[in-house]
Every structure is written in structure tokens, then in C-alpha cells.
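Beneath this line is the structure, given in C-alpha cells, with notes to follow.
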There are 2 protein chains.
Amino acid sequence: MTSTDGNIKMQAPKVSIKPTNCHDCRMSALCLPLAMEYGDLDRLDKVIQRTKPLHKNQSVFYSGDTFSSVYAIRSGSIKAYCVSDDGTEQVTGFYLPGEIFGWDGIADDTHKNTAVALETTAVCEIPFNKFEELSASIPTLQRHFMQLMAREITSDQQLITLLGKNSAEERIASLLLSISGRLGRRKLSPTRFRLPMSRADIGNYLGLTVETVSRVFSRFQASGYIKCDKKEVEILNLSSLSNLVQTCAEA
Amino acid sequence: MTSTDGNIKMQAPKVSIKPTNCHDCRMSALCLPLAMEYGDLDRLDKVIQRTKPLHKNQSVFYSGDTFSSVYAIRSGSIKAYCVSDDGTEQVTGFYLPGEIFGWDGIADDTHKNTAVALETTAVCEIPFNKFEELSASIPTLQRHFMQLMAREITSDQQLITLLGKNSAEERIASLLLSISGRLGRRKLSPTRFRLPMSRADIGNYLGLTVETVSRVFSRFQASGYIKCDKKEVEILNLSSLSNLVQTCAEA
DNA sequence: TCATCTCCATGATGTAGATCAATTCTCTGT
DNA sequence: ACAGAGAATTGATCTACATCATGGAGATGA
């Protein structure tokens, strides 16, 4: 039983629509189909809802909620987790700017995960029924969406490999590299960043205890692989970290 | 480095079309949209290709192959796995009759996994480009497909929880119950069945060694939870097994 | 400003499951 | 029918990580 339950129950306000649109959003090239024409982008823009930024610990949706939308992150970060019968939580993913989450509800119209903001976070809501109508007439949109889902599958399977076979050091190196790579793709610094999640969340996600996570961070620092002060991380030796990780061979 | 590489390299013959169709297939209600009208089923039937049954250890596709289809199992069983840089393999899933596999290629048109028959197995090939055309005009098909993908995501995430948090006994109980449930849904016996995969495959999948798998099977047998002779398994005490497993709470 | 809380770090000890090793059993092919 | 290889079981030992325990450093709030 974790002690965070109290905090995460606060309600997320769903309020005013900000005067932004998909054209202005610097993420659109990433979270939306690259191949989409501008006329189509306008149509998509009309269905996407932008909500007020979430505070830390506010939820986007809860496990058990009826599925109606998927969400794209404009800024901030999201943790997805589910809670088992005995109350223990399992973190299933961290999502960074430009990434999409909420697929877990499509299977039977019910969210399996709870999604909570790890810091002040702005998300775009993409109503799924509207999206389905749209994608019938915009074929690239449909395919793009499936690709995003498939990417979720591949990344889940990589995590499975990580949890099944790899040591604590390998798991943490892998997470650091994953975050680094994802930030890099968003034109953010891949070597200096702030981890939005706690050591406990990292441990939970990677199947390790807080203590082990902490020790590995210390060891990485002692080895000169990284420099870190609390959540602030600088990767000093990317190749050493890479050498620790065994990724599934790309073809 | 595993020693099975030799076997799995044999080529799968892609040969004659059997005179079956989706109407006759007793699986169609499961692998295809329930809501689909018969006219639509005919159209789908025309694109689906049925191949000669695969022998044990023959592959449907290899990691690195260009993605062009997903596959439904009519009979038999499939193991999906990927190989990391150092040659070790990671089993990412087992697929039973009525189930669909091959999503892993949608993300970037390249299969991440290799799919191999665990026994003599018959599969239906569903060419993805044809399917995409179809699903634009059959909305239920599109949604059904996304639901199948989402189910893959949910089941992967359950496995993540299992690997991150659960003991050897819990993992194996969970696998047995999963297989039992999936067979039951297909109107096959949920209490007496033959495990198509080896102990090594089970261990690989669950992040355990063969020895541990073997010991847990012995312990389960000693406790009277199951009776098993090699791959033949009978579940004697379903509730005891269920009690071992902590599933993510359904809403 | 002080009290409380959460997060993080680090040391000491325990244990589940890995590893190593040996034996039997079961397929496969000739 | 037999030889050889792979699959499974069981025992003995080892180790990476969990667990338990303590202390400090930042936050948060009255």
C-alpha cells in the first residue's frame, strides 16, 4: 500500500479552451501525421480540445473511467500506472512532450491505467469518436494512429525484455538512454535534463526498490557515466551507458 | 546464446490456398468483427490468404522482414520472440487459436519479432494494405482492429506488472490461468490442456530459468494445484492458483 | 521559525532465484 | 532398434537485489 493515494485523488479541472491551435503547436509535426495536408489539419484542429494546464499530481483520467479520448502532451510529463487488487501500484509508462497516451482504454472502452501529471503539464485531448469519423476520410491519419499504437506495443515489449533479462544497472541505463533519446528527438538537450519522476517511480517502473535505484545512480556517478544532483541529470559518457544496454537488434 | 538457432532458420513454404473461407471458420466470430454484416464478411474473405499448415519450428516471418500482413491462428500455436545484439532471445508472446499476431511491424513497416510455430499450425494471412482499404468503408472493422491492438497493449502491460513485481510462483500461476482462460473462451477445456511451449520458453517469457520453472511446476503438483505429465497439464485447484495472482484491478 | 513530511542516500543483513552440476527421460533420425 | 541430442527434473551453492534501519537535505505549512 503506497502513501500517495491521498494526493492523486484530487480532481483535474476541465476548463477553458486556450487560443492555441495545431498549426502553432511546435509538437504537431510529431504527434500528428507528417503527411497530412493543411486542409486536413484544420479539420483535425477543430476536434482537438485544449485544457488548462494540470498541476502536479492532478489526474487526466482514472483507472475505470470510460474511454473517450487519447491525449497528447504539449509540455510537462505524465505517469501512467494501474493499481492491483491489494492496492499496490504498477507504473506502466512515462510520457514526455510530443507523446501520446491513453490507448489502454480502447480495448473495452475502459481505462486500465490512471494518468497523473508529474509536474505542471499541458495536454491536448483528442476525442476518439470524432477521430474515428475523421480517419475514415483521411487515410494517412488512420495509419499514423495505428503506428503510434504499434509503437506503444514495441516499447512495451522492450520493457518486457528489460524486466525479464536485465540487471538493475542495465535497466536504469536503459531508462536514462530512452529519456535522452526521446528528448533529443524533440530538439531538447539529450545530455542535460531534469527527471520528472521520483526514484520511487523509477524503481516501480523498472521492478526495483528505491534503494537499488539510488545505489545505481551513485555508482553511475562514481564511474563518471553521469553527474546528478537530485533530479537534475547530466549524461557524461553516453557510450558507456549504451554498452550496458542490450537492445533488441534492429533489422 | 541459445542453441535453437539452427532449427528456426528453416524456411516456411508459402503455397496453395485451401478451399476454406471465413464463413466456415469456427474462429471467425472471434478474430473478426462480431458486428460485421455478411456482405462485408464476403469482401474480407476475398483478401484473406490461407497458407499450408506450418510444421513445428517453421517461421511465419522473421525479425527484420518488411511488414505486410497480420496473421490469425486457425489451429496450433505461435511463439513470438526477438533477438538482441548478443544473440540472446526474448520471448514476447504466445498465441493460441483465434488470436491475432504480427502487429509489431506496423510502427515502421519492419517486424521486430520473429514468429515461429510451436507445433503444426495453420494461420490466415491478412494483407494489411488491403485491410486498410476495406476498413475505410467498414467502420466496425477499423474499430475492431484497434481494439485487438489495444488488447495487445493491455496484455503486454499486464506482463510488465508480472515481471516487475511478482514471484516465480505468481508468474507461472498467472501464465497457466491466462492460457486456461484463453482456451476457455475458445470453447476448449480450460482445465485440461497441452502446453505447446517448452519449459525453456516459459522461463524465457517470464524472466525465469528453466530450473526455476521446473521446480515451481513440481511444487504446484505437490500442493495439488495441478497435475502434469510433461506438457500435459490438468488444473485441479483453480482458485488456489487464482489466489496466488495479483491482477491489475478491473474497474 | 520551527515542526512535519517527503525524498534520497547508504550501511547491514537476509533470501529468492540464478548458476553449476548430474541424472533420467523423450524424442529424432538412420 | 539404437545412438545421440534435447528436454526436464532435482540437488548444492552462490549472488544480486530486497529488506530493514538510520540519518540528512529540501520542501511545505502553521
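Numerical summary
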read-out	value
One residue from A:VAL60, A:VAL70 being closer than 25 Å to B:ALA107 by Cα, modelled with pLDDT of 80 or more and in contact with a Phe, Trp or Tyr (Cβ under 8 Å, 6 or more places away or on another chain)	A:VAL70
Residues of the stretch A:74-94 that turn out to be assigned to a strand (DSSP E or B), small (Gly, Ala, Ser) and more than 10 Å from chain B (Cβ to nearest Cβ), as a count	1
Count of residues meeting criterion [under 21 Å from A:ASP45 (Cβ atoms) and touching a strand residue (DSSP E or B) at 6+ places or on another chain (Cβ under 8 Å)] in the stretch A:138-168	1
Exclusive hit being modelled with pLDDT of 90 or more, surrounded by 15 or more Cβ atoms within 10 Å (Cβ to Cβ) and away from chain B (no Cβ under 14 Å), set A:ILE172, A:ILE179	A:ILE179
Residue ID - modelled with the highest pLDDT, chosen from residues in the stretch B:210-251 that are outside any helix (DSSP H, G or I) and among the acidic types (Asp, Glu)	B:GLU234
Selection from the stretch B:71-125 of residues that are touching a His at 6+ places or on another chain (Cβ under 8 Å) and over 21 Å from B:GLN157 (Cα atoms)	B:ALA117, B:THR120
Residue list for the stretch B:86-125, filter: of a type in the set (Val, Ile, Thr), in contact with a Cys (Cβ under 9 Å, 6 or more places away or on another chain) and within 19 Å of A:PHE145 (Cβ to Cβ)	B:ILE100
Residues located in the stretch B:126-158, provided they are aliphatic (A, V, I, L, M) and farther than 27 Å from A:GLN158 by Cβ	B:LEU134, B:ALA136, B:ILE138, B:LEU141
In the stretch A:134-154, the residues that are of a type in the set (S, T, N, Q) and surrounded by fewer than 17 Cβ atoms within 10 Å (Cβ to Cβ)	A:SER137, A:THR140, A:GLN147
Filter result (within 16 Å of DNA strand C (Cβ to nearest atom), in contact with a Phe, Trp or Tyr (Cβ under 8 Å, 6 or more places away or on another chain) and not basic (Lys, Arg)) within the stretch B:179-200	B:PRO196, B:MET197
The stretch A:95-112 - residue that is more than 8 Å from chain B (Cβ to nearest Cβ) and modelled with pLDDT of 85 or more and, of those, farthest from A:SER63 (Cα to Cα)	A:PRO97
Scan of the stretch B:196-212 for residues that are within 12 Å of chain A (Cβ to nearest Cβ), within 11 Å of DNA strand D (Cβ to nearest atom) and hydrophobic (A, V, I, L, M, F, W, C), ordered by number	B:ILE202
Odd one out for B:ALA136, checked against (1) more than 11 Å from chain A (Cβ to nearest Cβ); (2) of a type in the set (Gly, Ala, Ser); (3) farther than 17 Å from B:ILE48 by Cβ	(1)
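Here's the yes/no breakdown for (1) within 20 Å of the chain's Cα centre (by Cα); (2) in a loop (DSSP other than H, G, I, E, B); (3) at negative phi; (4) in contact (Cβ under 8 Å) with a residue 60 or more places away in the chain:
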| residue | (1), (2), (3), (4) |
| --- | --- |
| B:GLN158 | yes, no, yes, yes |
| B:THR161 | yes, no, yes, yes |
| B:GLY181 | yes, no, yes, no |
| B:TYR205 | yes, no, yes, yes |
| B:LEU208 | yes, yes, yes, no |
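Here's the yes/no breakdown for (1) within 16 Å of DNA strand D (Cβ to nearest atom); (2) touching a Gly at 6+ places or on another chain (Cβ under 8 Å); (3) among the basic types (Lys, Arg):
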| residue | (1), (2), (3) |
| --- | --- |
| B:GLU132 | no, no, no |
| B:GLN142 | no, no, no |
| B:LEU159 | no, no, no |
| B:GLY164 | yes, yes, no |
| B:GLU170 | yes, no, no |
| B:ALA173 | yes, no, no |
| B:GLY181 | no, no, no |
| B:LEU188 | no, no, no |
| B:ARG192 | no, no, yes |
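The values are calculated or read from the model by the stated rules, or taken from the named source; none is laboratory data. Everything numeric here is computed off the predicted structure, so don't read it as measured data. Please note: Cβ atoms are built from the backbone with ideal geometry, for glycine as well, and neighbour counts cover all protein chains shown.
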